[in-house]
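Below: one structure, written as structure tokens.
The values are calculated or read from the model by the stated rules, or taken from the named source; none is laboratory data. None of these values were measured; they are calculated from a predicted model. Here Cβ is always computed from backbone atoms with ideal geometry, including for glycine, and neighbour counts include all displayed protein chains. In case anyone asks, the SASA skips ligands and DNA or RNA and just uses the protein heavy atoms, side chains included. Shrake-Rupley method; radii C 1.70, N 1.55, O 1.52, S 1.80 Å.
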Amino acid sequence: MTQRLGEIGQKRYEHGIWSIAYSIIGDFESPSLSELLELLREVKVHESGWPPWWVPTRDQIKPYAYEGVIECLIAEPEHDRFSDGAYSDFWRASREGKLFLLRGYQDDSSDARQRGVQPGTVFDFVLPIWRVGECLLHAHRLAIRLADRSVSVLIRFAWDGLANRVLSNWACPRRVLFHARRCYQNTVTSELLIPASNIIDQLPEAVKEVTNPLYEAFDFFDMPLDVIREELEKMRGKRE
């Protein structure tokens, strides 16, 4: 990764990160970097208020060309919001339809600390539904714009820094947890290969498949599909 990320990342992401990489699988004409950047602007949607692969325009945080790809590091020491790992994205996008993004946990953010949450101790059990859902929707929109409905998306999620965290509803208190569930491993990964044309209609099932390994790591928790469906409807309704 870029040297810029290494310079700021160790402290900013000291409690852990989640990351996502996806590739568009199929035949399509590779755009130029400038065309790809414009596509990323066009497919951005504020599903949860902080979109993945956001394309800022301010000089200090706007995307830049780096070794044949587009990179963006949204991080500023002097800015309250962008000095927080939960709002400090690093992302890359290539002309071949390969994208990557990493971000700190909202559970370790200043917002959580204001609610009495200590960094590195909890993991809200609803937020992953929103994050995975909006990333899948982003992949769908970009795939359809780059190619057509015949392409597929290979997507991989990783959650790092999970050991000894306990499931919580601190960010979504409307959802009740009845038992304390702890994670004993530090990293969980999950992959999904799905036709781009199926993502919209099968979004709850896709999110369920991706997040199953994550939730099971917390004392075998099984997130009900109905909850996933309701949360995705709430997420998508927020922008309408």
> Viscosity 0.692 mPa s, temperature 37 °C: Stokes-Einstein D of the chain from its Kirkwood Cα radius, in µm² per second?
Replying inline: 179 µm²/s
>> So, for the stretch 109-150, what is the accessible surface per residue at a probe of 1.4 Å, expressed in square angstrom?
In response: 38 Å²
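Say R0 is 30 Å: what FRET efficiency, to the nearest 0.05, do R115 and E209 get from their beta-carbon distance? Write out the running numbers ahead of the final one.
Numbers: r = 31 Å, r/R0 = 1.03.
Efficiency at R0 = 30 Å is approximately 0.45.
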> Mean projection of the alpha-carbon convex hull of the stretch 96-183 over all orientations, in nm²?
Replying inline: 7.2 nm²
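Based on the mean of other beta carbon atoms within 10 Å per residue, what is the order of 178-186, 137-145, 216-224, most packed first? Intermediate values should be presented prior to the final figure.
Working: 178-186: 12.4, 137-145: 21.7, 216-224: 14.8.
Answer by packing, highest mean first, reads 137-145, 216-224, 178-186.
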>> Using 26 Å as the Cα-Cα cut-off, could you pick out the over-long pairs in K11/K44; K11/K234; K62/K234; K208/K234?
In response: K11/K44; K11/K234; K62/K234
>> If I model a spin label as a point 7 Å beyond the Cα along the Cα-Cβ vector, how far apart are those points for A163 and N186 in nm?
In response: 0.5 nm
> Across the stretch 11-16, in residue order, what do the Karplus-derived ³J(HN,Hα) couplings come to in whole Hz, using 6.51 cos²θ - 1.76 cosθ + 1.60 with θ = phi - 60° and x for Gly and Pro?
Replying inline: 7, 5, 10, 5, 8, x
> What percent antiparallel are the DSSP beta bridges of the stretch 70-170, to the nearest 5?
Replying inline: 75 percent
>> With the crude spin-label approximation of a point 7 Å out along Cα→Cβ, what separation in nm comes out for Y64 versus L193?
In response: 3.7 nm
